[in-house]
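What follows is one structure encoded as structure tokens, with my remarks underneath.
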Amino acid sequence: MSRVQLVVLLSAVLLFSGLYWGFDTKPPRQRDVERSRALQGESTSPEQILSAATAQLSPDSAAVLSALEQQLQALETDVEKVSLYKALAAFWFRNDAPIASGLAAQQAAELENTDAAWSVAGATYFQALSAEKDPLLRDFCAKRAVKAFESAASLQPEVVEHRVNLALVYAEQPPPDNPMQAVLILRDLEAKYPDAPAVYNALGRLAIKTQQWERAIQRLEKAYSLDPDNPFTPCLLSKAYAGAGQSDKADTFAKRCRERQ
């Protein structure tokens, strides 16, 4: 697994979850209900998302946010602002507001304009999309994740992982006018990059999602042969073999998965 692939696929988790941890006294279900009420009847916008997220903060967290926002207002250079937006992204992530975290990561990416920064923004929006149930918010996250990964790919076209992740966004939220877009992107990438493990991992994920177990095994075994050190492939292979009813192989790869976490 390359450094770039790690950043692209799990950057939101790797960069943010270990930096700051806080505890919210409101149970997740209550927070979701309150956020839904805050957004009900209004068109989804960054301002409304941030307002709803802010309303769920504890007094201590609200004070931290206020301090960060005051610091941002005092900054003059883009370099300083990028650093502060990244701090805001981390703040929102630890406060269980992944969409707000994505907004801050996007602002950092717009200033920094590197493929790595756009990858972080895309990964953060993708994580929010995967966890979100509200159709309007899912659409909001999907569109911004697409923009982020497209921006990353335009800056570094040779990094195949950017387009792999773009395909994964489309797989999570298929466009109504082109529900097969994810598959088409990945098949095109497979033809152009036949030795890219990320492509076969993504194809394997899609096959698992549709319970095409043998196809998933074939794709993931290909990925494993290309990159035996990939920390994610054994986990996916364990699921695929379990789905196919091959418990011995599923257990073998489950053990390898745990060893690499």
* Residue check, P176 against (1) open to solvent by 20 Å² or more (accessible area, probe 1.4 Å); (2) at pLDDT 95 or above, all met but one. Which one? -> (2)
* Structure fact -> Residues of the range 153-173 being touching a helix residue (DSSP H, G or I) at 6+ places or on another chain (Cβ under 8 Å), in a helix (DSSP H, G or I) and either modelled with pLDDT under 95 or of a type in the set (S, T, N, Q) (or both), in sequence order, are N165
* Which one of the conditions (1) of a type in the set (V, I, T); (2) open to solvent by less than 20 Å² (accessible area, probe 1.4 Å); (3) under 21 Å from R138 (Cβ atoms) does T233 fail to meet, given that it meets all the rest? -> (3)
* Could you please give the count of residues in the range 218-230 that are small (G, A, S) and open to solvent by less than 60 Å² (accessible area, probe 1.4 Å)? => 1
* **Subset of the range 244-261 (residues that are modelled with pLDDT of 95 or more and outside any helix (DSSP H, G or I))** => A244, G245, Q246
* Have a look at A52, A116, A67, A121 and point out the one that is touching a residue at least 60 places away in the same chain (Cβ under 8 Å), small (G, A, S) and either out of contact with any Cys (no Cβ under 8 Å at 6 or more places or on another chain) or part of a helix (DSSP H, G or I) (or both). => A116
* **Unmet requirement for E150, which otherwise passes all of (1) free of Cβ contacts under 8 Å to residues at least 40 places away in the same chain; (2) open to solvent by 50 Å² or more (accessible area, probe 1.4 Å); (3) assigned to a loop (DSSP other than H, G, I, E, B)** => (3)
* Asked: Out of A171, A182, A216, which single residue is in contact with a Phe, Trp or Tyr (Cβ under 6 Å, 6 or more places away or on another chain) and aliphatic (A, V, I, L, M)?
  -> A182
* **Residues that are buried (at least 18 other Cβ atoms within 10 Å of the Cβ) and not in a helix (DSSP H, G or I), drawn from the range 189-211** => A196
* Report the residue count in the range 109-130 for those that are open to solvent by less than 10 Å² (accessible area, probe 1.4 Å) and polar (S, T, N, Q). => 2
* For V183, state whether it is buried (at least 22 other Cβ atoms within 10 Å of the Cβ) and closer than 22 Å to F149 by Cβ. => no
* **Unique match (being of a type in the set (F, W, Y), part of a helix (DSSP H, G or I), modelled with pLDDT of 95 or more and closer than 28 Å to E150 by Cα) among Y224, Y241** => Y224
* When the range 215-244 is examined, which residues are found to be among the small types (G, A, S) and under 19 Å from V183 (Cα atoms)? -> A216, A223, A240
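The values are calculated or read from the model by the stated rules, or taken from the named source; none is laboratory data. Computed from a predicted model, the values in this text were never measured in an experiment. Quick reminder, even Gly has a Cβ in these numbers, built from the backbone with ideal geometry, and neighbours come from all protein chains shown. Each accessible area value is taken on the protein alone, full model and side chains, heavy atoms only, with ligands, DNA and RNA left out. Shrake-Rupley method; radii C 1.70, N 1.55, O 1.52, S 1.80 Å.
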